[in-house]
Amino acid sequence: MLSLNAILSFCLVGNGLYYMSIVKLFFLLFVFLFVGACKSPTPHSYYKISPVEGAECLRYLDRADIAADEFMEVNSFANAGNYLCRVLLASWYERGVAVPIDYDKAREVYQAAAEANPAAYLALGRMAKLGRGQEVDYVLARQLYKRASDAGSLQATTELGKLMEGGKGG
């Protein structure tokens, strides 16, 4: 077992100083990356809301069997201004989950959510591109994908690139 004196003597003489510098360098690099990662943008950093807000609605994500009381719960959170719940609610209107398909209502709810959650522009762009509740409008789709892309949505950037590559929308 190495004693403190043995470690200190190794670090202060000969090659130990070199190895200690390497250890310090890696330590500083680790601290820099760790602290930098904490402050760097995350995939969802473009949201203007807390990541915890909307957690109430996450349990309903990817479910197709929504009961009436669960729909009302998400609807109440959305009406209270919870933007993640608004996006979920709009997707239900768009896909006909727990309610009949209503593209106009979906577009209205996505638009209300887009102020604080620019990812809603991705959904609005998809609706314009596919002609859901409207004529197919590639120009509008590109504009909406661009807004979501500028806010940090990688998926919107990909969709924008696909439209551009296909020469659709301008």
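Odds and ends about this structure:
- Residues satisfying the stated conditions in the stretch 62-104, i.e. within 19 Å of GLU115 (Cβ to Cβ) and basic (Lys, Arg): ARG86
- Selected residue [basic (Lys, Arg) and touching an Asp or Glu at 6+ places or on another chain (Cβ under 9 Å)] from ARG95, ARG107: ARG107
- Residue that is nearest to ARG147 (Cα to Cα), among those in the stretch 78-96 that are touching a Lys or Arg at 6+ places or on another chain (Cβ under 9 Å) and open to solvent by 10 Å² or more (accessible area, probe 1.4 Å): TYR83
- Single residue of the stretch 109-160 satisfying the filter (under 15 Å from ARG86 (Cβ atoms) and of a type in the set (Ser, Thr, Tyr)) that is least open to solvent (accessible area, probe 1.4 Å): TYR110
- If you go through the stretch 82-123 and pick out every residue that is of a type in the set (D, E, K, R), assigned to a loop (DSSP other than H, G, I, E, B) and modelled with pLDDT of 95 or more, you end up with 1.
- LEU163 vs. criteria open to solvent by less than 30 Å² (accessible area, probe 1.4 Å) and not basic (Lys, Arg): yes
The values are calculated or read from the model by the stated rules, or taken from the named source; none is laboratory data. Computed from a prediction, not measured in an experiment: that's the story for all the values here. Ideal geometry is used to build each Cβ from the backbone, glycine not excepted, and the neighbour counts take in all protein chains shown. Heavy atoms of the whole protein, side chains included, go into the accessibility calculation; ligands, DNA and RNA do not. Shrake-Rupley method; radii C 1.70, N 1.55, O 1.52, S 1.80 Å.
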